[in-house]
Protein chains: 2
Amino acid sequence: MKLATLRQDGAPDGRLVIVADDLLSARPASAPSLQAVLDGAPVEAVGEEVVFDAADCSAPLPRAYQFLDGSAYVNHVELVRKARGATMPDSFWTDPLMYQGGSDGFLGPCQAIVGDPEWGIDFEGEIAVITGPVRMGASVTEAADAIRFVMLCNDVSLRNLIPGELAKGFGFVQSKPACAFSPLAVTPDILPGWDGGRMHGRLCIDLNGIPFGRAEAGEDMTFDFPTLIAHAAKTRALAAGTIIGSGTVSNKEAGGPGRPVSEGGRGYSCIAEQRVVETLLHGGPKTRFLHPGDQVEMWMEDGEGRTIFGRISQKVEAI
Amino acid sequence: MKLATLRQDGAPDGRLVIVADDLLSARPASAPSLQAVLDGAPVEAVGEEVVFDAADCSAPLPRAYQFLDGSAYVNHVELVRKARGATMPDSFWTDPLMYQGGSDGFLGPCQAIVGDPEWGIDFEGEIAVITGPVRMGASVTEAADAIRFVMLCNDVSLRNLIPGELAKGFGFVQSKPACAFSPLAVTPDILPGWDGGRMHGRLCIDLNGIPFGRAEAGEDMTFDFPTLIAHAAKTRALAAGTIIGSGTVSNKEAGGPGRPVSEGGRGYSCIAEQRVVETLLHGGPKTRFLHPGDQVEMWMEDGEGRTIFGRISQKVEAI
């Protein structure tokens with residue numbers, strides 16, 4: 001089942017719709033919201049078919065009770081640390097890195113990213129899952145069974161605010177503003193490329209209409225989603241509607257730091273990583289962070305070139 | 001107005017009631033939940049009066065879209081750092097420390113703290129507010145206007161997991177499990193001791209029936225709630241229902257680290273702080289963290305000895 005949430009004035013949880021396989025039309029859902037579905041409400045199509053337009057969508061969960069974002073593509077972490085001359089502890093290959101992210105209000109797939117370019121606005125292309133309830137101490141197998149939906153995420157990051165905030169030692173608050181999700185949340189049973197733990201497929205990212213990232217999400221994901229969920233649930237239960245992010249999708253290419261798409265590589269799923277590679281190869285970054293007017297697009301296609309989760313398409317606007 | 005949420009099977013947001021001034025009875029509220037009130041639903045008493053018992057309560061918001069916990073009592077931060085031989089940056093006196101906490105499921109005021117004593121289970125007595133919507137970039141004045149309710153919080157912390165997790169650099173996940181809130185959320189207009197930014201009153205904490213903390217919450221709070229809220233809203237809007245915590249309430253006494261209640265001092269609002277002071281004075285900690293069977297109580301009284309927010313009363317249970 002493919003679900004989306006349409007924005008509706010005065011309804012913070014929007015209006016839930018079931019989207020047709022061709023993503024061209026949708027029908028209202030019997031459940032009032034995606035959270036209601038996660039809380040156990042039955043969901044079936046009711047009422048008249050309407051034209052489906054991603055521009056009308058909020059995030060599938062416009063607000064959620066929890067967003068925990070992992071760094072499952074350890075290659076990304078290692079690269080970023082290398083650029084600042086820091087070594088990465090070996091434990092990062094066995095103990096997942098994860099942060100508690102803001103979840104009180106997400107951006108819809110076509111809503112603007114509003115910020116001050118001085119903050120160093122960046123996108124991060126990720127895969128995300130939504131869970132049902134997970135008990136404290138759940139096993140990896142139980143965690144796998146709790147995965148209800150899969151989405152794409154643009155985890156917006158404010159690069160110039162991150163060093164100062166992380167130096168304080170308590171993680172991200174100001175440096176991780178509202179992130180955005182794909183129009184569609186898709187159940188694993190109909191997902192091409194879902195293997196129960198990872199999403200196999202190419203995460204396509206264009207910046208201003210030019211290919212920026214073509215990473216394979218099923219490769220180099222050191223920790224799969226069930227492992228990330230079990231990590232999060234070690235000391236506490238997770239409520240239905242918990243979103244778990246993969247962290248920036250990132251591939252090693254031939255053991256090296258990869259190449260931009262323009263040079264025949266798979267590119268990168270965030271600007272920071274491309275800047276890191278530029279720094280490693282050329283002594284300094286060349287690509288600037290986002291400025292007002294820039295356009296970021298993210299999507300994933302199935303074997304026949306059809307968009308699986310719909311398309312994230314966001315313009316950057318000055319505050 | 002004094003609101004509480006009664007636990008109800010199959011209703012994750014519980015049942016909202018309006019509590020009488022004497023805290024002995026309550027009447028059902030017209031709004032279905034506290035979140036609905038924060039989203040704009042009118043709230044008035046409807047239906048029959050019932051006996052009010054804190055043991056029937058969940059947290060006022062059983063699950064919330066956001067919990068941001070500050071460290072507004074900088075004395076606490078300075079003491080904890082001093083104990084491990086670290087100096088605190090001067091900027092901590094002007095730039096609030098804050099972390100994104102889990103908010104997907106809170107403990108009710110009388111629900112057990114379940115955990116492994118090897119984790120170093122500790123309580124932290126805090127004041128917390130619930131906000132209405134706050135726009136990105138809100139001023140401190142706007143932030144003050146957004147405060148809707150005040151509560152007490154027991155921010156449960158797993159001390160033995162904190163150093164390893166913070167060393168990874170991304171803040172707390174496993175080391176901050178579900179925290180608990182007082183039975184009552186009280187509107188500022190009827191709160192004795194509320195000055196618009198801080199809650200004046202003695203935060204009473206007993207451990208196993210023995211006074212442990214008697215800190216004055218209105219003193220030594222370096223950053224008031226409007227300042228914490230404006231800090232959180234610098235780069236993003238905050239949704240209605242955002243909970244902002246004060247961090248562990250902590251007083252300086254005569255410029256020194258204070259004394260236990262048993263020695264005539266104001267004591268401490270968490271075990272860690274008492275252990276820090278023991279370490280500074282005697283070279284090592286004497287007080288152990290929580291074990292199964294321990295009982296933690298927190299409350300605050302008005303000038304006539306009446307409990308303002310009801311009483312947090314939690315037993316510790318082994319996982």
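Ignoring lysines fewer than eight residues from residue B:2 along the same chain, the ones with Cα atoms less than 26 angstrom from its Cα are B:315.
Among rounded, prolate and oblate, which fits segment B:85-179 when a ≥ b ≥ c are the square roots of the eigenvalues of its C-alpha gyration tensor, a/c under 1.5 means rounded, and a/b larger than b/c means prolate? Judged from the Cα gyration tensor, segment B:85-179 comes out oblate (a/c at least 1.5, b/c at or above a/b). Measuring with a 1.4 angstrom probe and ignoring ligands and nucleic acids, residue A:38 comes out at about 20 Å² accessible. Sorting A:304-311, A:56-63, B:305-312 by their mean Cβ neighbour count within 10 Å, with the most densely packed peptide first, gives A:56-63, B:305-312, A:304-311. Here the accessible area of the protein assembly as shown is 50 percent carbon and sulfur, with a 1.4 angstrom probe and all protein chains present.
Computed from Cα positions, the angle between helix B:271-282 and the longest principal axis of chain B comes to roughly 20 degrees. Here is how the number arises for the protein assembly as shown: DSSP H runs of 4 or more residues each give -39500 (n - 2.57), the sum is divided by the residue count, and the result at 222 nm is -4000 deg cm²/dmol. For residue A:286, a cut-off of 12 angstrom between C-alpha atoms picks up these aspartates and glutamates, skipping any fewer than 8 places away in its own chain: A:273, A:278. Our summary gives segment B:61-318 a relative contact order of 29 percent, counting only alpha carbon pairs under 8 angstrom and 6 or more residues apart. In order along segment B:35-46, the phi-based Karplus estimate (6.51 cos²θ - 1.76 cosθ + 1.60, θ = phi - 60°) of 3J(HN,Hα) comes to 4, 4, 4, 5, 7, x, 5, x, 9, 8, 6, 9 Hz; Gly and Pro are listed as x.
The residue list B:93, B:226, B:50 was ranked by how far each Cα lies along the charge dipole of chain B toward its positive end, using unit charges on Cβ atoms, and B:93 comes out on top. Under a 5 Å amide H cut-off, with hydrogens placed 1.01 Å from N, residue A:212 pairs with A:205, A:206, A:207 among residues at least 5 apart or on other chains. Binning the C-alpha pair distances of chain B at 10 Å intervals from 0 yields a P(r) profile of 6, 28, 37, 22, 6, 1 %, listed from the shortest bin outward.
Within segment A:155-182, the residues that become at least 50 Å² less accessible when every protein chain is included than when their own chain is isolated (1.4 Å probe; DNA, RNA and ligands ignored) are A:168, A:170, A:173, A:174. Distances between placed amide hydrogens fall under 5 Å for residue A:14 paired with A:8, all partners being 5 or more residues away or on another chain. For the chain pair B and A, buried accessible area totals roughly 4100 Å², probe 1.4 Å, rounded to the nearest 100. Between residue A:82 and residue B:7, take the C-beta separation as r, use R0 = 35 Å, and let me know the FRET efficiency to the nearest 0.05. It comes out at approximately 0.10. At q = 0.08, 0.10 Å⁻¹, work out log10 I(q)/I(0) for the protein assembly as shown with the Debye formula, treating every Cα as an identical point scatterer and leaving solvent out; two decimals please. The Cα Debye sum returns log10 ratios of -0.56, -0.89.
Centroid-to-centroid, using Cα positions, segment B:25-82 and segment A:44-73 are 28 Å apart. Viscosity 1.002 mPa s, temperature 20 °C: what is the translational diffusion coefficient of segment A:210-308 from Stokes-Einstein with a Kirkwood Rh over Cα pairs, rounded to a whole number of µm²/s? Estimated diffusion coefficient is 134 µm²/s. The heavy atoms of residue B:282 present about 110 square angstrom of accessible area, all protein chains included, probe 1.4 Å.
For segment B:163-223, report the translational diffusion coefficient in µm²/s to the nearest whole number, using Stokes-Einstein at 4 °C, 1.567 mPa s, and a Kirkwood Rh over Cα pairs. Using the Kirkwood radius from Cα pairs, D works out to 87 µm²/s. Annotation: amide H-H contacts under 5 Å for residue B:317 (H modelled 1.01 Å from N, sequence separation of 5 or more, or interchain): B:113, B:114, B:115, B:293. Within segment A:93-111, the residues that become at least 20 Å² less accessible when every protein chain is included than when their own chain is isolated (1.4 Å probe; DNA, RNA and ligands ignored) are A:95, A:97, A:98, A:99, A:100, A:102, A:104. Of interest is the spacing of the C-alpha centroids, which for segment A:1-20 and segment A:94-155 amounts to 19 Å.
Placing one identical point scatterer on every Cα of segment B:123-169 and ignoring solvent, what is log10 I(q)/I(0) from the Debye formula at q = 0.16 Å⁻¹? For the requested q values the scattering log ratios are -0.69. Per residue, chain A exposes an accessible area of 36 Å² to a 1.4 Å probe, with every protein chain left in place.
Rounded to the nearest 20, the size of the Cβ-charge dipole of segment B:28-83 about its Cα centre is 520 debye, with Lys and Arg at +1 and Asp and Glu at -1.
Counting only lysines at least 8 places from residue A:234 when in the same chain, those with an alpha carbon closer than 18 Å to its own are B:168, B:176. Listed values for segment A:158-168 are Karplus-derived 3J(HN,Hα) couplings in whole Hz (6.51 cos²θ - 1.76 cosθ + 1.60, θ = phi - 60°), namely 10, 4, 6, 9, 5, x, x, 6, 5, 5, 6, and x replaces Gly and Pro. To the nearest 10 square angstrom, what accessible area does residue A:269 show with a 1.4 Å probe? Residue A:269 has an accessible surface of roughly 0 Å² with all protein chains in place.
The values are calculated or read from the model by the stated rules, or taken from the named source; none is laboratory data. On a predicted model such as this, the values are computed, not experimentally measured, just so you know. Heads up, the Cβs are rebuilt from the backbone with ideal geometry, glycines too, and the neighbour counts pull from every protein chain shown. Calculation scope for accessible area: heavy atoms of the full protein, side chains included, ligands and nucleic acids excluded. Shrake-Rupley method; radii C 1.70, N 1.55, O 1.52, S 1.80 Å.
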